[in-house]
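The values are calculated or read from the model by the stated rules, or taken from the named source; none is laboratory data. All values reported here derive from a predicted model rather than from experimental measurement. Reconstructed Cβ throughout: ideal geometry from the backbone, glycine too, with neighbour counts over all protein chains shown.
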Amino acid sequence: MRQGFKKFVLCHGGSYWEGAFIKYINYKYSEIIVIHPHHNHDAWFVAIQAAELEGLDEMHGGLLSVCTAMWLCPDKVKLEPMGSQIPSDYKKYADFMGWDKLTTDGCWGIFHPELYTTDELAHKGKTFWDTFIKRKTEGLKELLEDAYNRKIYGGKEIR
């Protein structure tokens, strides 16, 4: 704000505090707008399909995490089994309980290194994130402009 910026996009992993935080900042600072890129609700599913990861039921440290790391920094990845299948029913506890009480090793997902080559893993990671980011950003500029106009000018379009 001190540098003259008035429009902000907060990109985070979708934590549950995010919406409340953004609403608070928008309430407290009347001259700016902060939004998040969650307007395309299907982005995750579109990216999962593009990366051929249908049926993936994980939140952290499973196959998608390995694919991401293999794409970004393959020299830092040790390909070894990790994680375990976490009962879907445990998701109701995920926001208010440490994962040490819900998982065996902090991984909410499972990875078996023998199922994919390193190239396949890296390709899936790149495909997922390229698709996810592309879908998340579609219409984002227009959404930001509209949100700013609605907040600052009461919805009247200003050019």
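A few remarks follow.
- Every listed requirement among (1) under 14 Å from the mean Cα position of the chain (by Cα); (2) modelled with pLDDT of 90 or more is met by L53 save one, (1).
- Matching entry among V46, V66 (being touching a residue at least 12 places away in the same chain (Cβ under 8 Å), at negative phi, β-branched (V, I, T) and in contact with a Pro (Cβ under 9 Å, 6 or more places away or on another chain)): V66
- Residue check, H36 closer than 21 Å to R135 by Cα, modelled with pLDDT of 90 or more and within 17 Å of the chain's Cα centre (by Cα): yes
- Answer from I86, I133 - the residue that is among the aliphatic types (A, V, I, L, M) and buried (at least 16 other Cβ atoms within 10 Å of the Cβ): I86
- Being in a loop (DSSP other than H, G, I, E, B), under 22 Å from T127 (Cβ atoms) and at pLDDT below 90 is a condition met by at least one residue of region 14-24.
Okay, residues lined up against (1) of a type outside the set (A, V, I, L, M, F, W, C); (2) out of contact with any Gly (no Cβ under 7 Å at 6 or more places or on another chain); (3) free of Cβ contacts under 8 Å to residues at least 24 places away in the same chain:
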residue: C11; (1), (2), (3): no, yes, no
residue: E31; (1), (2), (3): yes, yes, no
residue: A50; (1), (2), (3): no, yes, no
residue: S88; (1), (2), (3): yes, yes, no
residue: Y93; (1), (2), (3): yes, yes, yes
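- Candidates L56, L10, L79 - the one that is surrounded by 12 or more Cβ atoms within 10 Å (Cβ to Cβ), touching a helix residue (DSSP H, G or I) at 6+ places or on another chain (Cβ under 7 Å) and either of a type in the set (S, T, N, Q) or not assigned by TED's automatic domain parsing to the domain that holds L121 (or both): L10
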